[in-house]
Amino acid sequence: MIEFTDAANHLQLRYNLKIKVVRSDNEMNRNKTKSWFNKKGIDFERSAPDTHEQNGISERMRQLIIEKSRAIRLLGRLSHAL
């Protein structure tokens, strides 16, 4: 949860972007997490258990973000640690 809150705060402060919806396959379905989402006005969408088809969009988006960040890191000749 700490990493997610840091990322959400960074997006808000740096780029003035607000997270509106979080889709998860119930990995983030905890009371503390849900109360933080409610406090920030973020909708939490859960997929049905054991239905990998519903995770397709989030998995593709995750892969797209990883590929783009890797390309930026390589083009910028940045450290592998980034």
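The values are calculated or read from the model by the stated rules, or taken from the named source; none is laboratory data. Remember, predicted model here, so these are calculated numbers, not experimental data. Because the Cβ atoms are built from the backbone with ideal geometry, glycine has one as well, and the counts that use them run over all protein chains shown.
Looking at the structure I just gave you, is T5 closer than 24 Å to G56 by Cβ, hydroxyl-bearing (S, T, Y) and not assigned by TED's automatic domain parsing to the domain that holds S58? Write out each step before concluding.
Details: closer than 24 Å to G56 by Cβ: no; hydroxyl-bearing (S, T, Y): yes; not assigned by TED's automatic domain parsing to the domain that holds S58: yes.
In short, no.
Conditions first: (1) in a strand (DSSP E or B); (2) at pLDDT 85 or above. H10 passes all but one, so which condition is the exception?
(1)
Per-residue answers, yes or no, for (1) part of a helix (DSSP H, G or I); (2) charged (D, E, K, R); (3) modelled with pLDDT under 85:
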| residue | (1), (2), (3) |
| --- | --- |
| I19 | no, no, no |
| R23 | no, yes, yes |
| N29 | no, no, yes |
| W36 | yes, no, no |
| K39 | yes, yes, no |
| A48 | no, no, yes |
| G56 | yes, no, yes |
| R60 | yes, yes, yes |
